[in-house]
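Report on the following structure.
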Amino acid sequence: MSHNLNKKALIISYFTVIYNVIEGVVSILVGAISNSVALTSFGIDSFMESLSGSVMIWRFRKHASLTDEEAGKMEQRAVKLVGYTFFILGAYVLYESGSKLYLQEKPDPSLVGIIIAVLSLIIMPFLAYMKNDTGKKLNSHSLVADSKQTYVCTMMTIALLLGLGLNYVYGIWWADPAAGIAISFLLFKEGYSALEKKDLCGC
């Protein structure tokens, strides 16, 4: 049972990395062209999600060869690495969003960005649920923490869709960076929550 769950966690992590690398590249390219901080930030978030997924691959590929003590230590390191990705992304989004608002850099409407957001809004909640469910069954704090990052990605998708939608339909340019600022504080909160986990010995 544990072996099957470990294999499932590994497959989910591989899918996370592949999907988010593709999503990240497209989002950043389109965001750069349209001058959208929300879309560019979303692309960076996708790469952070890929990093988080890579940590999970590293974690679960070594599962079979580890003692309980070694697995516990690895679990602790993995949770911390996942937590740090929240802070890296949060700092970037806050800086970029604040700069765009201050300088009043108006993004161009982006239909492609809206399509990316809608696609992500379909995939991310399901992926987050699978990670959370599998992580709880494995008693893996790192995978559960990773699922939270995917939930944050879902919320960021909603903010992205709102910001791009308001700009595309009504021309409200500031909705784009304003959404980014709101999300940055959520990212800091989730990063803090991940790093505060102390009891990680159960694997």
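For the stretch 1-65, rounded, prolate or oblate, judged on the Cα gyration tensor with a ≥ b ≥ c (square roots of eigenvalues), a/c < 1.5 rounded, else prolate if a/b > b/c? Intermediate results must be reported in sequence, preceding the final value.
Details: a/c = 4.57, a/b = 3.57, b/c = 1.28.
Verdict is prolate for the stretch 1-65.
Compare G31, G53, G98 in a GNM of the chain, Cα atoms joined below 10 Å, and give the one with the largest fluctuation.
Highest fluctuation of the listed residues: G98.
Carbon-plus-sulfur fraction of the accessible area of the chain, 1.4 Å probe, in percent?
Numbers: 6660 of 9750 Å².
Using a 1.4 Å probe with all protein chains present, the chain comes out at 68 percent carbon and sulfur.
To the nearest whole percent, what portion of all C-alpha pairs in the chain is separated by more than 22 angstrom?
Numbers: 9329 of 20503 pairs.
So the portion of pairs separated by more than 22 Å is 46 percent.
Putting +1 on Lys and Arg Cβ atoms and -1 on Asp and Glu Cβ atoms, find which of I88, L103, V169 reaches farthest to the positive end of the dipole of the chain.
I88
Report the charge-dipole magnitude of the chain in Debye, nearest 20, computed about the Cα centre from +1 at each Lys and Arg Cβ and -1 at each Asp and Glu Cβ.
Numbers: 17 positive and 16 negative charges, 106 e Å.
For the chain, the charge dipole is close to 520 debye.
Determine the per residue accessible area of the chain with all protein chains present and a 1.4 angstrom probe, expressed in square angstrom.
Working: 9750 Å² over 203 residues.
I get 48 Å² per residue for the chain.
With respect to the cross-link table entries K8/K80; K80/K106; K100/K131, which display a Cα-Cα separation exceeding 31 Å?
Numbers: K8/K80 22 Å; K80/K106 36 Å; K100/K131 34 Å.
Exceeds cut-off: K80/K106; K100/K131.
Which one, A38, A145, A91, has the greatest fluctuation when you compute a Gaussian network model over the chain with C-alpha springs under 10 angstrom?
A91
Which GluC sites (Glu not before Pro) in the stretch 75-171 pass both tests, a DSSP loop state and at most 11 other beta-carbon atoms within 10 Å?
Details: sites: E75, E96, E105; in loops: E105.
Here no loop site has a sparse enough neighbourhood.
So what is the calculated 222 nm ellipticity per residue for the chain, using -39500 (n - 2.57) for each DSSP H run with n of 4 or more, over all residues, to the nearest 500 deg cm²/dmol?
Numbers: 6 runs with 173 residues, N = 203.
Roughly -30500 deg cm²/dmol at 222 nm, from the helical runs in the chain.
Taking 8 Å as the Cα distance limit and 6 or more residues as the minimum spacing, I'd like the relative contact order of the chain as a percentage.
Values: 321 pairs, mean separation 61.9, N = 203.
Computed over the chain, the figure is 30 percent.
The values are calculated or read from the model by the stated rules, or taken from the named source; none is laboratory data. This is a predicted model, so every value here is computed, not measured. Note: ideal-geometry Cβ built from the backbone for every residue, glycine included; neighbour counts use all protein chains shown. Heavy atoms of the whole protein, side chains included, go into the accessibility calculation; ligands, DNA and RNA do not. Shrake-Rupley method; radii C 1.70, N 1.55, O 1.52, S 1.80 Å.
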